[in-house]
Each structure stands twice: as structure tokens, then as C-alpha cells.
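Participant: I'd like to ask you about the structure that follows.
Every number in this text was worked out from the coordinates using simple rules, so none of it is lab data. No experiment lies behind these values; they were computed from the predicted model shown. As a convention, Cβ positions derive from the backbone with ideal geometry for all residues, glycine included, and neighbour counts pool all protein chains shown.
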Amino acid sequence: MGQPAPVMLRMGAYVAKQKLLGRKRFPLVLMLEPTLKCNLTCTGCGKIRQDEELMGKTMSYEECMEAVEECGAPAVSIAGGEPLVHPEIDRIVAGCLERKKLTLLCTNGLLIDRAFKKMKPSPYFTFVFHIDGMREHHDLMVERKGVFDKCLEGIKRAKALGFRVASNTTLFKSSPPDDIARLFQLLMGLGVDGVIVSPAFSYEEVDPAHDIFMSRDESIALFREIHSKAGPNIRYYNTPQYIQFLLGERVYMCTPWGNPLRDPGGWKGPCYLLTDQRYDSFQEMLDSTRWEEYGYGRNPRCAKCMAHVGYEASTVVHASIVDSFQMLAQNLSS
Ligand code: SF4
């Protein structure tokens, strides 16, 4: 994924420290969702279909910083909802950067001009544009025409202004492999620093009539096709081991505590994707969740899950300290 050297060294030192201290469970990326409000209604999104009371709430800057400090993860991914609708989003990003966190801001790109007025490029900060395919497929999945073009415009402008830019593509049963492969090539041509890819999680909140979610075998078959059509020059923002997992070449159990989620409802357990319990503190979530009840083969709701927020951390956590550094070195040279 080609992160700057100081960023990867900081991440590597953090992981090595946790392992030397013998910590069994530790966070890698805090998933911070200061608001679940969104200016789109994407077909496969479970977040915007949560209860109304939660949708009406917003986390303040102070609550966000408390979560960042309490969790202690070296990276923060700010998502939602659409984070750019949050009135204090620039302060929240700045607060994460002041705390020396590798910071990602996930966006659908519609309000990106606002961000350009308030945020400055930094090697520690990346805009992550949500883009699920070429024009027709993307606009269909986000249920609005014109979003693909707006998103692409935002990516070009962000690169021109000197920002680090990644993209995030969610794969569904209906994702056309040629189309996604062309998208990845297009993004490479635009100078995007890396593409993130993940099969969609089968949210119970999404109308099953859509039939858009894949089994694990279907996810692997689809990604193999995309990967071979896209060619060898794609810079993935995922770890190489997660890409091998998606290709069916590696097996992992998930690491749900690796990407803990804090949103206006509190700390969510057991993971970014399932909401069985809410907690007031990160430590309470870590200590109280019955981890043995979750993961592939242990819980029917986990049967289809290969999502990067569940498995990307596994590739780092389950590696030895030497392997972790090798993984980071690979990352630096890619
Ligand atoms: S497999 Fe793991 S990450 Fe995926 S839904 Fe289950 S507990 Fe969450």
C-alpha cells in the first residue's frame, strides 16, 4: 500500500510492543463514526438503516478525542454515515493528527469541496473515496446518478492539491468483474495511492429481496476474476496477506477487536459489523465480549464474512514479530 516510512515504523513499533507485552487482544485501527447521517442511501449499507434515535445523535469533538485516547490504536478511520456532514469534522481530523494517528477519512465524495477548504495534506492523512465500480454500477449501488463523476472529480482534485488518496470498493454479487478491474486500472492511472477492496458484509438490516450478498466461495471466485483481469500493477491498500485471503490462498480467523467501533451509541460489540451490545468504555467492551461465540464456524451471522474490517487485522496480529516487520517492509517497498 506504500505508506510513508515514519507511518509504517510507528505502526510496526506499536505492534511489536503489544506482542512483547504479551497482549492477547489489542486494537490496530479505531473505526470512528461521529455521525451516521448520510447524504446517500446506498443499497448495501446497514449503517443508515439503524434505529432512528442513533441516527439523530452526533459525537462532539471532545467525545471523539476521548475515544481516540482511550482506545490507543495507532490508526483512526473516520467513517459513518458521511463524515463530511459533521460540522466539526476538520477539528476531529486535526485532533487525530495532533495525536500522531495515521488518519483516514472515508467519503462518498459529494461534499469533498468543503473538506478542501478546511483540511491540509499530511503524510499521516488519507482521503478514502467510496467507489464500487464504473459509472453505471456505482451510481446504481449508491442509488443516485452523477455520484461516480463527482467522486472521480474529487479524487483528481485531491491528488492535484497534494493529498494522499485511496479508494474503497465493496464487492457485491452483482459486481461486474470487468468493470471493477477497469476501475482499479483507472484509479492507478489517476495516481491513487492504493485501492481498498472488501466483500460486503451481509447486513440483516438490508432488504433480503435485493439478494446482493455473497457466500465466501462466491467472494473468492469473484475476487480471483477481478484480480486476474486487473493485472499485476494494482497498488492495494490492503495488506498483501489479506489479498491472499480474498484469493482463497490463506485462511484466517477474524480479529474483531482489531478494528473496534465507536459511534454516537457508544462502543459496539463484538465488531464493526455486528451489534449485540453497546458499552460505555473500550476496555469494558474488550473485557465483557464473549469472543469465543464469534467468528467463522462459531456464529451463523459470521458464515459469509470476509470483510477487511474483520480480517485485515488478523494478518498482522497472527504474524510473528519478525513477520510483522517483513510485512511492513513489503508495504514500504510496494
Ligand atoms: S466473522 Fe468476525 S468480523 Fe465478521 S461478523 Fe463475525 S465476528 Fe464480526
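Participant: Which value results for Rg/Rh of region 18-110 when Rg is the Cα radius of gyration and Rh the Kirkwood radius based on the inverse mean 1/r?
Facilitator: Details: Rg = 14.3 Å, Rh = 14.1 Å.
Answer for region 18-110: 1.01.
Participant: Over 26 Å between C-alpha atoms is what I'm after, so list which of K47/K156; K57/K145; K120/K229; K17/K57; K37/K150; K37/K268 land there. Display every interim value, and only then the final one.
Facilitator: On the way: K47/K156 28 Å; K57/K145 29 Å; K120/K229 36 Å; K17/K57 36 Å; K37/K150 20 Å; K37/K268 18 Å.
From K47/K156; K57/K145; K120/K229; K17/K57; K37/K150; K37/K268, over 26 Å: K47/K156; K57/K145; K120/K229; K17/K57.
Participant: A further question on this structure: What list of ³J(HN,Hα) values in whole Hz, one per residue of region 233-247 in order, does the Karplus curve 6.51 cos²θ - 1.76 cosθ + 1.60 (θ = phi - 60°) give from phi, with Gly and Pro shown as x?
Facilitator: The phi angles translate into 9, 7, 8, 7, 8, 6, 5, x, 5, 5, 4, 5, 4, 5, 7 Hz.
Participant: Additional query: Throw me the Rg/Rh for region 226-275, computed over C-alpha atoms with Kirkwood Rh, two decimals.
Facilitator: 1.12
Participant: Separate question: From the phi of every residue in region 276-283, what ³J(HN,Hα) in whole Hz does the Karplus formula 6.51 cos²θ - 1.76 cosθ + 1.60 yield, where θ is phi - 60° and glycine or proline is x?
Facilitator: 9, 7, 10, 10, 7, 9, 4, 4
Participant: Then there is this: What is the sum of charges, Lys and Arg at +1 and Asp and Glu at -1, for the other residues whose Cβ falls under 15 Å from the Cβ of G191? Can you show the working numbers first?
Facilitator: Working: positive: K156, R157, K159, R164, R235; negative: E153, D193.
Net local charge, G191 excluded: +3.
Participant: Could you give the radius of gyration (one decimal) and Dmax (whole number) of the Cα atoms in the chain, in Å?
Facilitator: Considering the chain through its Cα atoms, Rg and Dmax are 18.4, 51 Å.
Participant: What FRET efficiency do you get for R278 and K173 if R0 is 45 Å and r is their Cβ-Cβ distance, rounded to the nearest 0.05?
Facilitator: Numbers: r = 31 Å, r/R0 = 0.69.
Calculated transfer efficiency: 0.90.
Participant: Which stretch or stretches of region 204-235 have amide N atoms under 18 Å from the point lying 7 Å from K159's Cα along the Cα→Cβ direction?
Facilitator: Counting backbone N atoms under 18 Å from the label point, the list is 230-235.
Participant: Right, something else. Starting from the Cα of L9, move 7 Å in the Cα-to-Cβ direction to define the label point; list residues of region 89-132 whose amide nitrogen is under 15 Å from there.
Facilitator: Residues 124 fall inside that zone.
Participant: Would you work out the relative contact order for the chain, in percent, from Cα pairs under 8 angstrom that are 6 or more residues apart? Mind dumping the intermediate values first?
Facilitator: On the way: 606 pairs, mean separation 69.7, N = 334.
Relative contact order of the chain: 21 percent.
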